[in-house]
Amino acid sequence: MAHGPVTVPCPECGASSEVSDPGLSRWGCASCGWAYFVRRCSACGQAGYVGALQGWHQEWTCVWCAASNSGFSQNRDPAAATIAELAADVARQQLSHGPVKPAKPAPPLSAAEPAYARAEPADSPTIPIPILLPAETVMTDGRPPGTARQRRPLGILAPALAAVAVIIVAAVLVIAARPVPAGLERASAASVPDMAGGTRAVSVTAGHATTVDFQGVPGRLTIVAADASQVRLTGQLHWTGRPPVMVTRLDRSSHVLVLFYRCAAASQCTENYLLTVPPDTAIALRQPPGQVTLAGLAGPLRITANGVNVSATGLRSSTLLATITAGHLSATFAAPPSRVTVILVSAQATLGLPRGATYRISQQVTSGYVRADIPQDSTAARTVTVRVRSGELTLLPS
């Protein structure tokens with residue numbers, strides 16, 4: 001059994017990445033952002049991959065022998081295996097398999113669909129965090145996504161293309177010379193679109209932002225509270241094919257900073273970001289498959305995650321609304337929250353709430369269970385609202 005880091009190949013993209021904690025039974029690819037559970041097949045006995053979007057208590061197919069296995073559960077699954085066991089089986093048996101194709105998240109937005117048009121379920125509670133809707137979307141090639149490019153004979157268009165190239169160069173020079181509004185630094189200069197892929201360093205700094213509305217792409221995102229007056233986003237954005245859509249905007253009237261990233265149609269992209277915010281900054285986060293780490297946040301917090309492993313520590317937020325689909329949430333509070341709402345869809349969550357406070361718990365469970373080991377009082381002012389459509393939630397004193 002391996003005790004140190006192990007290397008695991010991703011069945012989706014083929015890239016291998018090192019895992020520092022091989023004792024875990026779930027894993028996310030650092031390259032493409034897809035997440036998996038590790039389960040041992042009852043037929044061949046090998047540890048294999050089960051997509052993070054696997055349905056609760058539904059059959060899953062072994063990636064090695066194609067046998068059907070029943071009784072899948074994200075937590076306390078008797079078939080659970082470790083990443084170390086997975087790596088050992090791959091190395092020892094020299095097994096090979098085709099890509100695991102778990103159900104994909106919602107398809108990319110169309111040109112006619114607003115960036116935030118996909119709302120929460122109608123019965124989902126809301127946290128009063130102001131959301132700024134981008135009035136426009138940055139296009140990567142001058143036309144809306146999905147619009148077909150008309151083809152013309154190159155010989156006929158050559159003179160026109162040359163003239164257009166001159167105009168584009170002039171426009172780039174004008175845009176580059178345009179002054180940046182006070183309080184918001186422009187993200188690093190856009191690179192020339194590379195149809196084979198590329199990497200871009202991202203750096204955004206904004207002052208006077210009380211709310212950050214962040215929508216990311218698959219990958220890693222870390223959000224930490226710091227003793228500073230500005231919001232700062234740093235990191236890298238990788239892509240294959242067409243460059244991603246990127247929108248950065250600060251509304252000075254509502255003090256909402258929008259950071260919007262989306263992979264281009266028929267292209268893949270991943271992020272590796274560090275977002276540093278003043279402690280009381282409100283966060284509205286939408287994240288596709290990957291890893292999210294939160295630390296020390298004290299402002300209202302709203303998380304919508306699909307296929308994501310979310311880890312939050314030292315929270316002092318008065319309100320938390322988390323909607324987790326096919327993923328995992330682990331959150332501990334350093335100060336008692338006034339209102340917590342957790343919605344789980346084929347997901348599992350563990351919340352640590354400070355001792356010495358009592359909570360009024362309201363729950364609706366369709367499939368799964370809620371285990372509450374925290375003090376409860378039906379008249380308590382502090383509330384915990386739980387909706388489990390398929391999953392498990394554990395409330396523990398911290």
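Values in this text are rule-based calculations from the coordinates and carry no lab data. These figures come from a predicted structure and were not determined experimentally. In this analysis, Cβ positions are derived from the backbone assuming ideal geometry, glycine residues included, and neighbour counts consider all displayed protein chains.
Close amide H partners of Ala81, meaning residues 5 or more places away or on another chain with modelled amide H under 5 Å apart, are Val38, Arg39, Arg40.
A straight chain from Ala43 to Ser362 at 0.36 nm per residue would run longer than the Cα-Cα distance by 110.7 nm. Farthest towards the positive end of the charge dipole of segment 203-321, among the residues Thr240, Pro278, Ala298, is the Cα of Thr240, using unit charges on the Cβ of Lys, Arg, Asp and Glu. Here the 3J(HN,Hα) profile of segment 376-386, calculated from phi with Karplus coefficients 6.51, -1.76 and 1.60 at θ = phi - 60°, is 10, 8, 5, 9, 5, 6, 7, 10, 10, 10, 10 Hz, Gly and Pro shown as x.
Ordered by the number of other Cβ atoms lying within 10 Å of each residue's own Cβ, fewest first, Thr240, Thr82 fall into the sequence Thr240, Thr82. About the centre of its Cα atoms, segment 6-93 shows a dipole size close to 140 debye [charges on the beta carbon of Lys, Arg (+1) and Asp, Glu (-1) only; nearest 20 debye].
Quickly work out the Ala91-to-Thr234 label distance, labels modelled 7 Å from Cα along the C-beta direction, and quote it in nm with one decimal. The answer from the label model is 3.5 nm. Across segment 40-50, computed HN-Hα scalar couplings (Karplus, 6.51 cos²θ - 1.76 cosθ + 1.60, θ = phi - 60°) run 9, 6, 6, 8, 9, x, 8, 7, x, 8, 10 Hz from first to last residue, x flagging Gly and Pro. Amide H contacts for Thr323 (H built 1.01 Å from N in the peptide plane; partners 5 or more residues away or on another chain; cut-off under 5 Å): Ile303, Thr304, Ala305, Ile343. The distance from the alpha carbon centre of segment 361-398 to that of segment 192-246 is 34 Å, rounded to a whole number. Given H placed on each backbone N at 1.01 Å, which residues far from Gln376 in sequence or on other chains put an amide H within less than 5 Å of it? Long-range HN contacts for Gln376: Tyr359.
The distance between label points at Thr379 and Asp280 comes to 3.3 nm (points 7 Å beyond Cα on the Cα→Cβ vector). In terms of overall dimensions, the C-alpha atoms belonging to segment 6-93 reach 30, 26, 22 Å along their principal axes, ordered largest to smallest. If you sort the three axes of the alpha carbon gyration tensor as a ≥ b ≥ c, you get a/c of 1.5 or more for segment 195-397 and a/b no higher than b/c, which makes it oblate.
Computed from backbone phi, the HN-Hα couplings of segment 15-21 come to 6, 9, 9, 7, 10, 6, 10 Hz, rounded to whole numbers (Karplus: 6.51 cos²θ - 1.76 cosθ + 1.60, θ = phi - 60°; Gly and Pro given as x). Taking the Cα centre of segment 195-397 as origin and assigning +1 to Lys and Arg Cβ atoms and -1 to Asp and Glu Cβ atoms, the resulting dipole is close to 240 debye.
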